[in-house]
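Reviewing the structure listed below.
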Amino acid sequence: MKLLIIAPCLLSPFYVYRGAKGKEYETAKLLRELIGELDEDWQVLAYPCPEYELIGWPRAPANREVYERLGMRERAKVIADFIGRVLTEERPEKVVFVGVKGSPTCGVFHTSSSDPESYPYSAMQEFFYLSKEERLSRSKEIVEGQNFRLVNLPGILFEILMARFPEGTYIEFDKDAIDESIEELRNVLCGPS
């Protein structure tokens, strides 16, 4: 058996903090098509969304430092334990982890960063009451107002996963480069076309 371990928001766009937009729908569609091409040796594990587990949905955009303060490391360890148990029991011959570029928890090589001191923590509760259109607008305000930047560092969950399971293959899916990300993943899962 081979195992594809994938961030759940890549397959089901409704986990995204503010709600799905066009690139989330396109990502999910193309990934489902790619998974449909895999041979019977492959199984797929979409682990629980760490951000949903900690805060729920919808939620305000936040960076790695904010999630650290909110207790994400402990939640991520529980999810990593679950993945570890699956790996121990199933003993796959190949394991491919797929995370999301820029995610504070599921970024593989890149995460979002900014000053946690100035973050509007009250926005987390505020988002529960906003319509999708209001959330999209407010998300943009928060991201711009907090000066989120992409840094070369894994998200909290993937930092834990890479330390525990260094033998895995790690792929970072970039929703701003969907075709390239699909092709990279296809090459890893199926070999070059």
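The values are calculated or read from the model by the stated rules, or taken from the named source; none is laboratory data. As the structure is a prediction and not an experimental result, all values here were calculated from the model. These area figures cover heavy atoms from the full protein model, side chains too; ligands, DNA and RNA do not enter into them. Shrake-Rupley method; radii C 1.70, N 1.55, O 1.52, S 1.80 Å.
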Subject >> ILE5 long-range amide H proximity, modeled H, under 5 Å >> reply: LEU45, VAL96, PHE97, VAL98
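Which whole-number percent gives the relative contact order of the chain, counting Cα pairs below 8 Å spaced six or more residues apart?
Details: 310 pairs, mean separation 54.2, N = 193.
It rounds to 28 percent for the chain.
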**OP:** Work out from phi, with θ = phi - 60° and the Karplus expression 6.51 cos²θ - 1.76 cosθ + 1.60, the ³J(HN,Hα) of each residue of the range 82-96, listed in order in whole Hz, and give x for Gly and Pro.
**Re:** 4, 4, x, 5, 4, 5, 5, 6, 8, 6, x, 6, 9, 10, 10
Original post:
Computed from the mean reciprocal separation of all distinct C-alpha pairs, what Kirkwood hydrodynamic radius does the chain have, in Å?
Top reply: 17.1
**OP:** Using a/c under 1.5 as the rounded threshold, could you call the range 1-80 rounded, prolate or oblate? The axes a ≥ b ≥ c are square roots of the C-alpha gyration tensor eigenvalues, and prolate needs a/b larger than b/c, oblate otherwise.
**Re:** oblate
**OP:** For ARG91 and LEU136, calculate 0.36 nm times their separation in residues minus their Cα-Cα distance, and state this gained length in nm to one decimal.
**Re:** 12.0 nm
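If you count only protein heavy atoms with a 1.4 Å probe, what accessible area per residue comes out for the chain, rounded to a whole Å²? Don't skip to the end; give the middle numbers.
Numbers: 9450 Å² over 193 residues.
Dividing the accessible area of the chain by its residue count gives 49 Å².
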**OP:** Read phi for every residue in the range 160-165 and hand back ³J(HN,Hα) as whole Hz from Karplus 6.51 cos²θ - 1.76 cosθ + 1.60, θ = phi - 60°, with x for Gly and Pro.
**Re:** 5, 4, 5, 6, 7, 10
**OP:** Using Cα centres only, tell me the gap between the range 23-87 and the range 122-193 in whole Å.
**Re:** 10
Original post:
Tell me, what HN-Hα J-couplings in whole Hz come from the Karplus equation 6.51 cos²θ - 1.76 cosθ + 1.60 at θ = phi - 60° for each residue of the range 21-32, using x for Gly and Pro?
Top reply: 10, x, 5, 5, 5, 5, 4, 4, 4, 5, 5, 5
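Between their Cα atoms, which of LYS2/LYS132; LYS21/LYS77; LYS23/LYS94; LYS29/LYS94; LYS23/LYS132 are more than 27 Å away from each other? Intermediate results must be reported in sequence, preceding the final value.
Working: LYS2/LYS132 38 Å; LYS21/LYS77 29 Å; LYS23/LYS94 29 Å; LYS29/LYS94 24 Å; LYS23/LYS132 16 Å.
In this structure, LYS2/LYS132; LYS21/LYS77; LYS23/LYS94 lie more than 27 Å apart at Cα.
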